[in-house]
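Chemist: Below is the structure I would like to discuss, written out as structure tokens.
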Amino acid sequence: MGTKKTSYKAYIDTLTKISSAITSDLYLEDMLKLIVTLTANVMHAKICALWLLDQKTKELKIRATQSMNSDYLQERSIKLGEGIVGLVAKEKNSMVITNVLKDSRYKEKKLAQTLGLVSMLSVPMLVKKKVIGVINCYTTKEYNFSKGDKDLLSAVANQSAVAIENTELIVKTKVIQEELETRKKVERAKGILMKEQRLSEAEAFKLIQRTSMDKRVSMKDIAEAIILTFELKRA
């Protein structure tokens with residue numbers, strides 16, 4: 001980036017590929033890696049990195065980058081409001097830094113110097129005004145990011161945010177469904193034990209729990225086995 005200009009067609013092609021990746025069966029980690037790689041290529045960026053915000057700790061951590069540099073890949077975190085990444089996440093506004101080494105707000109100057117990073121474009125990842133994370137692009141020469149650059153990275157950031165939010169929602173939904181299914185089966189198994197072995201509700205539950213621990217299998221599996229045994233007896 002810097003001397004190269006990216007065509008409008010290249011931007012559209014990249015967004016199309018990212019849309020396809022988001023609707024594919026890729027795992028989240030692979031999808032995010034593909035997104036930053038495509039973005040870095042179309043923007044001719046030295047590094048493109050995606051940071052996600054932990055809603056509990058209020059810290060941002062890198063989840064994807066196309067960089068293979070071991071220094072950049074070291075695990076680190078940035079607090080909400082700290083440095084450029086933290087400020088972008090907190091204020092929910094994109095930022096352009098012409099030279100990261102000369103900006104007092106930039107916290108990773110030693111790393112930037114080692115990797116030869118100069119200009120930076122940082123945009124928030126938003127879903128309905130909720131910040132999910134931040135995407136950064138770096139150049140190795142001083143560069144004035146164009147409106148097209150900002151629009152592209154913002155579109156990528158928001159598409160990524162929606163994909164992450166949807167993935168997390170699907171995972172949460174599956175967990176809730178699993179819990180409900182387990183609860184239903186344990187309740188039915190308790191009822192069978194109470195009737196067949198004349199146990200109290202507490203005793204029946206403890207028996208399922210103890211058997212689960214002894215056999216090192218889930219309570220759902222034990223409940224299913226009790227239900228199946230009962231149904232075979234009745235058949």
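Read the figures in this text as sums done on the coordinates, not as results from a lab. All values reported here derive from a predicted model rather than from experimental measurement. Here the Cβ is made from the backbone with ideal geometry for all residues, glycine too, and neighbour counts use every protein chain on show.
Chemist: In degrees from 0 to 90, rounded to the nearest 10, what is the angle of the helix 28-42 Cα long axis to the longest principal axis of the chain?
Modeler: Around 10 degrees separate the two axes.
Chemist: Compute, for the stretch 75-174, the length of the dipole vector about the Cα centre, with Cβ point charges of +1 (Lys, Arg) and -1 (Asp, Glu) only. Units Debye, rounded to 20.
Modeler: The dipole magnitude comes to about 260 debye.
Chemist: Treating the beta-carbon of each Lys and Arg as +1 and of each Asp and Glu as -1, no other charges, what is the dipole magnitude of the stretch 175-234 about its Cα centre, to the nearest 20 debye?
Modeler: I would put it at about 200 debye.
Chemist: Taking the dipole about the Cα centre of the chain, with the C-beta of Lys and Arg at +1 and of Asp and Glu at -1, give me whichever of 204, 104, 126 is farthest to the positive side.
Modeler: 104
Chemist: What shape does the stretch 71-204 have by the C-alpha gyration tensor, where a ≥ b ≥ c are the square roots of the eigenvalues, rounded means a/c under 1.5, and otherwise prolate means a/b greater than b/c and oblate the rest?
Modeler: Note, shape of the stretch 71-204 comes out prolate.
Chemist: Going by a ≥ b ≥ c, the root eigenvalues of the Cα gyration tensor, does the stretch 34-76 fall in the rounded group (a/c under 1.5), the prolate group (a/b larger than b/c) or the oblate group?
Modeler: oblate
Chemist: Let me ask something else. Work out the count of Lys pairs in the stretch 175-234 where the Cα-Cα distance is under 15 Å, with the pair 8 or more places apart or on different chains.
Modeler: 8
Chemist: Do the sum for the chain: with -39,500 (n - 2.57) for every DSSP H run of n ≥ 4, divided by all residues, what is the mean residue ellipticity at 222 nm, to the nearest 500 deg cm²/dmol?
Modeler: Taken over the chain, the calculation gives -18500 deg cm²/dmol.
Chemist: Hey, another quick one. Name the shape class, rounded, prolate or oblate, that the alpha-carbon gyration tensor gives for the stretch 1-122, where a ≥ b ≥ c are the square roots of its eigenvalues, rounded holds for a/c under 1.5, and otherwise prolate holds if a/b is larger than b/c and oblate otherwise.
Modeler: In terms of gyration-tensor shape, oblate.
Chemist: Same structure, new question: So which GluC sites (Glu not before Pro) in the stretch 51-90 end up in coil per DSSP with only 10 or fewer other C-beta atoms within 10 Å?
Modeler: Here the GluC sites (Glu not before Pro) that fit, given the DSSP loop and packing criteria, are 75.
Chemist: Another question, if that's okay. What dipole magnitude, in Debye to the nearest 20, does the stretch 1-148 give about its Cα centre under +1 on Lys/Arg Cβ and -1 on Asp/Glu Cβ?
Modeler: Here the stretch 1-148 has a charge dipole of around 460 debye.
Chemist: If you don't mind, there's one more thing I want to ask. Roughly speaking, what is the centre-to-centre gap between the stretch 39-101 and the stretch 175-201 when only Cα atoms are used, to the nearest Å?
Modeler: 47 Å
Chemist: Ranked from highest to lowest mean number of other Cβ atoms within 10 Å per residue, what is the order of the peptides 131-137, 28-34, 66-72?
Modeler: 131-137, 28-34, 66-72
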